[in-house]
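The block underneath contains the structure these notes are about, expressed in structure tokens.
The values are calculated or read from the model by the stated rules, or taken from the named source; none is laboratory data. Keep in mind the model is a prediction, meaning the values are calculated, not measured. So basically every Cβ, Gly included, is an ideal-geometry build from the backbone, and we count neighbours across all protein chains shown. We work out accessible area using only protein heavy atoms, side chains counted, and drop any ligands, DNA or RNA first. Shrake-Rupley method; radii C 1.70, N 1.55, O 1.52, S 1.80 Å.
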Amino acid sequence: MSDVVVIGGGVAGCASALALARRGLSVRVLERNPGEGASWAAAGIIGPQLEAAGDGPLARLCLASRALYPELAASLVEATGLDVGFRQSGALRVAFTASGRDEIAREVAWQREAGLAVELCDGDAARARAPALCDEVAGGAWFADEARIDPPSLMRALRIAAERAGVQFRTGAAVRRVLVDREQACGAQLEDGTKVEARWTVLAAGSWSSLLEASGLAPAAVRPARGQIVELTPASPVLSQVVYGPGCYLSPRDDGRVLVGATMEFAGYVTAVTSRAVRDLLTAALRLAPALGDAPIGRTWAGLRPHTNDDLPILGGGEIARLVFATGHFRNGVLLAPVTAKIVAALVAGEQPPLDLSPFSPGRPGLAA
């Protein structure tokens, strides 16, 4: 019997497994199909300020996680020798009209009052930071502390570091139900009937979380939201920082690649890339940065984000003892990985979590609506 079984081998599950193993616990991760989930498909934007329309529990959770990323990235380099592509590059959020620029200013006012790094800019100042932007850009906001990462590299490093810390991975393990004995979780049962027992169970199954029997989650608590991405491969780098604009975002890589994303569709568990989505993303990207017009299309793909009705993750314990939830991260899975791992490790160790988890409770009102 392991100390902990983690259901799900995405970024939340792997980061949590690593944190638990580094505390000396024996950990086993059960994953259906490596590389299938949202973690591998993400654009890798570490941007809690970019999309935060106001202050609140989610914004604070995301900010806390961003603060943990430099340490996590450095520890992964030390443990594996792999560069995970973590770059504190800053990010721009821009608009095409004066009214759009003013709306951005209103939405980030709380950040300035909270002492966060945010600088309002006009069109010329935005283009000074990112010369590839079109003349139509009327301005927006610059967030100096935002960052980016390469999710496939992050996932490889997390897996290797976890294995070196003693975590055992079981691939092809489709979990049917959470094992519960006398109102206490004690592992997981696979589709083939195999039981994997553990003293603690962590549910980090992403978009598949509500499909598990006996977890206590309602069938509609978590559902998949498809996000499609187009990769462009210009001959030389066009951008160094993340740009969030009307109709798309642009997430660059050191080698010049630019990820254009992302749609938000409720299409069930379908991960097909559609011609309409590719057209819309490219139209928005070329309007925002015309210099990308001659860039070859590298790849297209789609991931399934675990969405909840209130857009908040599901973190912490519920009615079933020794069952810890780490799911429902929606668009913030990669961003929230460090703080999720810290929360999971603290709860399993019987410690106070690093922040108030009541807004993210699996039993909160409206989650199953």
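In the stretch 345-356 there is at least one residue matching the filter, namely being in contact (Cβ under 8 Å) with a residue 12 or more places away in the chain and either under 15 Å from the mean Cα position of the chain (by Cα) or more than 21 Å from VAL27 (Cβ to Cβ) (or both). Looking at the stretch 131-183 only, could you name the residues that are of a type in the set (Gly, Ala, Ser), modelled with pLDDT under 95 and open to solvent by 10 Å² or more (accessible area, probe 1.4 Å)? Matches in the stretch 131-183: GLY172, ALA174.
Check whether at least one residue in the stretch 294-317 is hydrophobic (A, V, I, L, M, F, W, C), farther than 23 Å from GLY216 by Cα and outside any strand (DSSP E or B), and report yes or no. Yes: the stretch 294-317 contains one or more residues that are hydrophobic (A, V, I, L, M, F, W, C), farther than 23 Å from GLY216 by Cα and outside any strand (DSSP E or B). Identification of helices (runs of 4 or more DSSP H) wholly contained in the stretch 1-107 with 1 or more residues that are in contact (Cβ under 8 Å) with a residue 40 or more places away in the chain and open to solvent by less than 10 Å² (accessible area, probe 1.4 Å) yields 11-21, 57-80. Being open to solvent by less than 10 Å² (accessible area, probe 1.4 Å), under 20 Å from GLU36 (Cβ atoms), under 23 Å from the mean Cα position of the chain (by Cα) and among the aliphatic types (A, V, I, L, M) is a description that applies to LEU259.
The residues on offer are PRO290, PRO252, PRO296, and the sole one that is over 21 Å from the mean Cα position of the chain (by Cα) and within 21 Å of VAL137 (Cβ to Cβ) is PRO290. Here the stretch 318-344 is the region considered, the condition is being within 21 Å of the chain's Cα centre (by Cα) and assigned to a loop (DSSP other than H, G, I, E, B), and the residue that is nearest to LEU68 (Cα to Cα) is HIS329.
Given the conditions (1) at negative phi; (2) at pLDDT below 95, report the number of the one that GLY35 does not fulfil. So the condition that GLY35 fails would be (1).
Checked against the criterion of being in contact with a helix residue (DSSP H, G or I) (Cβ under 7 Å, 6 or more places away or on another chain), open to solvent by less than 10 Å² (accessible area, probe 1.4 Å) and not small (Gly, Ala, Ser), the candidates THR327, THR300 yield just one match: THR327.
Scanning the stretch 225-256 for residues that are hydrophobic (A, V, I, L, M, F, W, C), open to solvent by less than 20 Å² (accessible area, probe 1.4 Å) and over 25 Å from TRP208 (Cβ atoms) yields VAL230, LEU232, LEU239, VAL242, VAL243, CYS248, LEU250. If you filter the stretch 239-249 down to residues that are out of contact with any Gly (no Cβ under 7 Å at 6 or more places or on another chain) and aliphatic (A, V, I, L, M), you find that the one that is farthest from LEU288 (Cα to Cα) is LEU239.
Only strands (runs of 3 or more DSSP E) whose full extent lies in the stretch 127-210 are considered here, and the ones with at least 3 residues that are touching a Lys or Arg at 6+ places or on another chain (Cβ under 9 Å) and under 26 Å from HIS307 (Cα atoms) are 168-171, 184-190.
Counting the residues of the stretch 109-121 that are open to solvent by less than 80 Å² (accessible area, probe 1.4 Å) and closer than 24 Å to ARG287 by Cα gives 2.
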